[in-house]
Every structure is written in C-alpha cells, then in structure tokens.
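A.B. asks: The structure's right below; bear with me while I get my questions together.
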Amino acid sequence: MKAKAPTLKVIAEQLGLSISTVSRALRGMPEINFETREAVLNLSKNLEYKLPSNHTNSAATQTSLLAAIVPSEDFYFSQIIKGMDDAAIDAGFSLMVCRSKESYGREVSILQRLSKANIDGYIIAKAFETSSFEHFQQLIKSNKPLVMIDRECKDVPVPQLLIDNFEGGQIAAKHLIEKGYRKICFLGAKTYSYSKYTLENGFLETLKEARLDSYEKKLFFGDFDIETAYEKTKEILRMNDRPDAFFAANDQIAIGIYKAIEEAGYNIPKDIGILGYYDEPVLGSFTPTISSIHVPAYELGKKAINTLVAQIHNGINTKISLEAVNVQLSQRESTNQTKRFFGI
C-alpha cells in the first residue's frame, strides 16, 4: 500500500511548530528566523513534501493575500472577521474583507473584481439571495482554494464550516423547559430551512419531544432589530395566552424583548424568562443580566483560515467536508432560577 504524502501538519508535529509557522517558513516569509526556516526546509525535503504545482517556496510567487466575503459586519460576523484576521497574520497572510449585504449580484460583482487581484484563497459566507453557485464553481475551476463558512452549500465541493445552530436551538429549548417555562415564544428571522443546521429546527424538535409543540403558534418570524422586537413583544404581551418565556434569534432581539417586558411591569425571570443568541458582552450590563447561547464565532474564523492555508499548501480539496462547530449555554439572571413554580 502506497504511503500517504506528507502534509503541513506532519512537518509541524515533527518539529514542534505551529502549522502557520511551517506555512510561513515554506513561503520564505522574513519574520521566520534562519534556524527555523532551515529546519522546515530540510525536513520537507527529507519527507519529500511537495508544494502544489502552482506554488513554490518563494514568497514572490504569491501575493500572500486572502479574501473573505461576508454578508455583514454585525457582532457575529465581526467576531468571525477578527478570528480570520488573527489567524491570517499568524500564517503570514493579509486578509481583505468585503460585504455582500446579502445580495447575490453584489457577491458576484465582488468575486469578479477580486479575480483580477490574484488572491491566494477565498473564504465565503454566501449571501441570503444566492441560490446559483456558478461563481463559486468558477473559483474551483480556476484552481483557487475556497472554504465556505456559516451557510451550507451542498453543491459546492469544498470544505464547509458551520455553527451548529440546530444544537443551539435544542440547548435553548431544553434550558427553558428545565427552568419550568412552558409557553415559549420564538422571535427571529426564518433561516435556511433546506439545511438541518438551523436554529428554529432544533428549537421546534425539542418542543415536540417535550410535547410542547402545541405552542408553535407563538413563533414569530421577521427581520427584527431592537425597536421592532420591542414593538412586536408589546403586541404579543397583550395576547390572552401570553408567553412565559422568549427565545430570541439574536441578542439585539433579546434586548428589545427585555425593554417591552420591563415596561409592561412583569418580573424577569419569575413571570417571563428571556434567552438570547450569540452572547454579546452587552447582555451582562442589564439588570437582571440576560442569558444567551454562546456562539464561538472567533474560533470559527480562525479555523476557516487554517483550513484555507492547508488547502493552499496541500492542494485543493474537491470533496465536501462539512464540520459543525458546537455552541454552549451562557446562563445569567434572566433564566437563572433553581426552579420556576407557576402561580407563585
């Protein structure tokens, strides 16, 4: 049986270095000291490690420039961008970030312009409007490494990194149910229903398992911000069968919900609980503080860059490899009761 070709990871492990350091040494980056560079080059030669045919170990053959296209720069994507930028610098690359603003046309236009800049590799979170993937396929045909993040693209054969929002929905529902809440209202945007990795799908499945699916009528979908969530919550609280807990699809929505509940005179968490999503630091400044689901966006950004750099050195991966990053609960006062008893 033919032995597997050595990889960047193998060289890094044998020398006790990071993959990013090995990457920079192979590309002749000046910040790597002579001894480290020589050790990497000698071991890669001994192991018969070969760069892809369109690369050499000379930095002059590359731009050392990566590009990322994201829909926005909200809290979630800003954390992803920070992770990408830190990992890119560590690997000896610079990162250019462009916003699609959820527009298919803008996304295509950005890629067309970037193609003239000789980018070494791309990370893309596709726009909400995007349903045709020809522009992504063209990148693959032109031998450009590509990693998709955040949103699943089943027909694009490249590595894909997602947040397991399905698990996030499950954790949220289980937490609220364990705290004694039974009339749980979801407020947020309906996401990519063709993918299993959606918040509302995980949330709904858990409600059904707990036999609370009769409360599905309390699912409200929309493009909410703080003010629209505030107005919608005031309307919901006027219902005869009002919720005893809210699960918000993001923390800005949770803040709007909080404002409406406080104004209406209900006690948080005794009368109504609140749980947000993404775990923005501002949630700790409220009284009571607001619980949320922590999403490791920064870590996702770093992992995306490391995956892309590995592709640049080891050759393009033309198979879909889907990896979901786990979330976790950040419990605070808005749901923090040992047990909630009805009627007390």
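The values are calculated or read from the model by the stated rules, or taken from the named source; none is laboratory data. These numbers were taken from a predicted model, which means no experiment stands behind them. Backbone-built Cβ (ideal geometry, glycine too); neighbour counts: all protein chains shown. Just so you know, the surface numbers come from the protein's heavy atoms only, side chains and all, with ligands and any DNA or RNA stripped out. Shrake-Rupley method; radii C 1.70, N 1.55, O 1.52, S 1.80 Å.
A.B. asks: Counting helices only, and only those DSSP H runs with n ≥ 4, report the 222 nm mean residue ellipticity of the chain as the sum of -39,500 (n - 2.57) divided by its residues, in deg cm²/dmol to the nearest 500. Numbers along the way, then the final one.
C.D. replies: Values: 11 runs with 133 residues, N = 344.
Computed ellipticity for the chain at 222 nm equals -12000 deg cm²/dmol.
A.B. asks: Now for a different question. Go through 178-188, 323-333 and give me the packing order, highest mean Cβ count within 10 Å leading. Write out the running numbers ahead of the final one.
C.D. replies: Details: 178-188: 20.6, 323-333: 16.5.
Per-residue Cβ counts within 10 Å, averaged per peptide and sorted highest first, yield 178-188, 323-333.
A.B. asks: Give, rounded to the nearest 20 debye, the magnitude of the charge dipole that the chain has about its Cα centre when Lys and Arg contribute +1 at Cβ and Asp and Glu contribute -1 at Cβ. Before the final figure, lay out the partial values.
C.D. replies: On the way: 41 positive and 42 negative charges, 154 e Å.
Dipole size: approximately 740 debye.
A.B. asks: Separate question: Taking amide H positions as placed in the peptide plane 1.01 Å from N, state which residues far from GLN328 in sequence (5 or more) or on other chains have amide H under 5 Å from it.
C.D. replies: HIS294
A.B. asks: Leaving ligands, DNA and RNA out of it, report the carbon-plus-sulfur percent of the accessible area of the range 193-304 at a 1.4 Å probe.
C.D. replies: Numbers: 2230 of 4830 Å².
Exposed carbon and sulfur together represent 46 percent of the surface.
A.B. asks: Right, something else. With +1 on the Cβ of every Lys and Arg and -1 on the Cβ of every Asp and Glu, and nothing else charged, how large is the dipole of the range 229-344 about its Cα centre, in debye rounded to the nearest 20?
C.D. replies: Numbers: 12 positive and 13 negative charges, 44 e Å.
Around 220 debye, computed over the range 229-344.
A.B. asks: Please state, rounded to one decimal and in Å, the Kirkwood hydrodynamic radius that the range 60-200 gives when every pair of distinct Cα atoms enters the mean of 1/r.
C.D. replies: Values: mean 1/r = 0.0599 Å⁻¹.
Computed over Cα pairs of the range 60-200, the Kirkwood hydrodynamic radius comes out at 16.7 Å.
A.B. asks: Right, another one. Considering the options PHE186, LEU95, LEU8, tell which one lies farthest towards the positive end of the dipole of the chain, charges being +1 on Lys and Arg and -1 on Asp and Glu at the Cβ, about the Cα centre.
C.D. replies: LEU8
A.B. asks: Which ³J(HN,Hα) values in Hz, rounded to whole numbers, follow from the phi angles of the range 280-295 under the Karplus curve 6.51 cos²θ - 1.76 cosθ + 1.60, where θ = phi - 60° and Gly and Pro get x?
C.D. replies: Coupling constants for the range 280-295: 5, x, 4, 5, x, 8, 8, 10, x, 5, 9, 5, 7, 9, 7, 10 Hz.
A.B. asks: Now for a different question. Once you order the gyration tensor axes a ≥ b ≥ c over the Cα atoms, which shape class does the range 195-258 get: rounded for a/c under 1.5, otherwise prolate or oblate by comparing a/b with b/c? Don't skip to the end; give the middle numbers.
C.D. replies: On the way: a/c = 2.43, a/b = 1.29, b/c = 1.88.
Since a/c reaches 1.5 but b/c is at least a/b, the shape of the range 195-258 is classed as oblate.
A.B. asks: Subtracting the Cα-Cα distance from 0.36 nm times the residue separation, let me have the gained length for ARG242 to ASP86 in nm, one decimal. Don't skip to the answer; put the middle values down first.
C.D. replies: On the way: separation 156, 0.36 × 156 = 56.16 nm, distance 4.56 nm.
Residue separation times 0.36 nm, minus the Cα-Cα distance, leaves 51.6 nm.
A.B. asks: Also, quick follow-up: Taking the Cα centre as origin and putting +1 on Lys and Arg beta-carbons and -1 on Asp and Glu beta-carbons, what dipole magnitude results for the range 138-237, to the nearest 20 debye?
C.D. replies: On the way: 16 positive and 16 negative charges, 40 e Å.
Rounded to the nearest 20 debye, it is 180 debye.
A.B. asks: If you bin every alpha carbon distance in the chain into 20 Å steps from zero, what whole percent lands in each bin?
C.D. replies: Going from the shortest bin to the longest, the percentages are 29, 46, 23, 3.
A.B. asks: Further question: Near the amide H of GLU102, under 5 Å away, which other amide H atoms are found, from residues 5 or more places off or on another chain, if H is placed in the peptide plane?
C.D. replies: For GLU102, whose amide H was placed from the backbone, the distant partners under 5 Å are PHE128.
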